[in-house]
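See structure below.
Nothing in this text is a laboratory measurement; each read-out follows from the coordinates by a stated rule. Bear in mind that the values here come from a model prediction, so they are computed numbers and not experimental data. Positions of Cβ are generated from backbone atoms using ideal geometry, with glycine treated the same way; all protein chains shown enter the neighbour counts.
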Amino acid sequence: MRLNWKTFVLSFLVILVLFPFIYMVLLSLATDWRFPDLMPNYIGLKNWKTILNSETGLLESFFQSLFISLSVGIVSTFSGFFISRSVYYHPKRKYLNLLTYFPYILAPVVFAACLSFFFIKMGLFGNIGGVIIAQFLIGFPYAMIFFSSFWNKKIRHYEDLVATLGGNRRQTFIKVLLPLAKSMLLICFFQTFLISWFEYGLTSIIGIGKVQTLTIKVFLFIKESNNYYGALSCCLLIFPPVVLLYLNKRYVFKNLV
């Protein structure tokens, strides 16, 4: 009987990819798991009940992160879509497109340090509004770069055709451009949501510890050497991306194919 190496390698890679997630879920359900024990002494929902009923504010951080990421994702996607059109039709669009890469030249922590003076002056330091604006300054350029490939001569011809048939600007956007860009809008929203969801550097500096998103909570538990609560918060952290990945595959890429 010949050994199918392709199946073996594929199975090994699947196990290798899934192992960290399985271990993280198991660690969040365990207590008193010490070396050299192969399995923990207890597996159950004790950690989940304790931390969700305590004053650690983990559940509050989850919904706060969800609100921030949804705000950044929605505003970045639609503002990037509409403004990228004006940039594409601008005679100096090459230079304007080049400026959109500026926030990615610097590390998020350095970028936040550069913005901190202006945020203090505007009263945006240490509150959710400031964190949303700071993350928007990273999400919006990404959306601009993402939609730069959408605007082309074919789209321009569609706009000219609508104008020739008597359509106005509003009808062009609602009945032509938005339906054509539906899949790209969803993908851009997913991407900007994830950028905001996993953002740590900007949030830690602009939020100065007062805005404790779920990412901040994960690092706090890790610094406290609380592996069980750290794994639990990581489970909450990866839940929305998994849901978005499923929706992305189920609805977006299926329509593209």
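The table for this structure:
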read-out: Set of lysines with alpha-carbon distance to Lys217 below 18 Å, sequence-local pairs under 8 removed; value: Lys49
read-out: Lysines whose Cα lies under 25 Å from that of Lys121, excluding same-chain neighbours fewer than 8 positions away; value: Lys210
read-out: Sorted peptide list for 196-202, 176-182, 134-140, criterion being average Cβ within 10 angstrom, highest first; value: 134-140, 196-202, 176-182
read-out: Length-normalised contact order of the chain in % [C-alpha pairs under 8 Å, at least 6 apart]; value: 30
read-out: Mean separation of Cα contacts under 8 Å, 6 or more apart, over the residue count of segment 69-144: relative contact order %; value: 60
read-out: Using θ = phi - 60° and Karplus 6.51 cos²θ - 1.76 cosθ + 1.60, couplings along segment 213-225 (whole Hz; Gly, Pro as x); value: 6, 5, 5, 4, 4, 4, 5, 5, 5, 5, 5, 7, 6
read-out: Helix 227-247 vs. the chain, principal-axis angle (Cα, 0 to 90°, nearest 10); value: 40
read-out: Coil-residue chymotrypsin sites (Phe, Trp or Tyr not before Pro) of segment 70-129, DSSP, other Cβ within 10 Å capped at 13; value: Tyr89, Tyr101
read-out: Sum of -39500 (n - 2.57) over DSSP H runs of 4+, divided by residues of the chain (222 nm, nearest 500); value: -22000 deg cm²/dmol
read-out: Projected label distance in nm at Phe21 and Lys94, using a 7 Å step from Cα toward the beta-carbon; value: 4.4
read-out: Correct choice for mean projected area of the Cα convex hull in nm² that was computed from the model, options [x] 12.5; [y] 21.0; [z] 14.7; value: [y]
read-out: Partners for Lys182 among lysines (Cα-Cα distance below 23 Å; same-chain residues under 8 apart left out); value: Lys153, Lys154, Lys249, Lys254
read-out: Nearest 10 degrees, 0 to 90: helix 5-29 Cα axis against the chain principal axis; value: 70
